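I have placed the structure first, in the form of structure tokens, so that the comments after it can refer back to it.
Readers should treat all values here as calculations from the given coordinates under stated rules, not as data from a laboratory. Note that the structure is predicted; figures quoted are calculated from it, not measured. Neighbour counts are summed over all protein chains in view; Cβ atoms, including those assigned to glycine, are modelled from backbone coordinates with ideal geometry.
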Ligand SMILES: [Zn+2]
């Protein structure tokens, strides 16, 4: 995938991919670029997220004294795409 320059602030855009969705995000202003097909994929992934995921689909971790604090769970596909 070719590098893109942000049209808003001329910052460098990096690629974010997850499953079937790829978008580019500006490091400067956090603007997003995606093509039409990727927008469709993102909407489908978001719909699937809310259709098939629930709070009890993940196994509970083993609790130990030195375990790190849990990360907040993403509430949507889009949130998971831009997390981390
Ligand atoms: Zn920008």
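Under a point spin-label approximation (7 Å from Cα along Cα-to-Cβ), what is the residue 44-residue 63 distance to one decimal in nm?
For residue 44 paired with residue 63, the spin-label model returns 4.1 nm.
Please grab the % of Cα pairs in the chain that end up more than 19 Å from each other. List each step's numbers first, then the result.
Values: 1787 of 3486 pairs.
Distances greater than 19 Å cover 51 percent of the Cα pairs.
State, as an integer percentage, the relative contact order of the chain based on alpha-carbon contacts under 8 Å between residues 6 or more apart. Write down the numbers at each step before the final one.
On the way: 76 pairs, mean separation 17.2, N = 84.
Dividing the mean separation by the residue count of the chain yields 21 percent.
Quick check: pseudo-label points 7 Å beyond the Cα along Cα→Cβ at residue 75 and residue 2, how many nm apart are they?
3.8 nm
Taking Cα atoms, how many degrees apart are the long axis of helix 36-52 and the longest axis of the chain, rounded to 10 and kept between 0 and 90?
The two axes meet at around 10 degrees.
So what is the relative contact order of segment 1-49, in percent, for Cα pairs below 8 Å that sit 6 or more residues apart? Each step should come with its number before you reach the end.
Values: 62 pairs, mean separation 12.8, N = 49.
Result for segment 1-49 is 26 percent.
Can you give me the distance in nm between label points at residue 27 and residue 10, each placed 7 Å from the Cα along the Cα-to-Cβ direction?
About 1.6 nm separates the two model spin labels.
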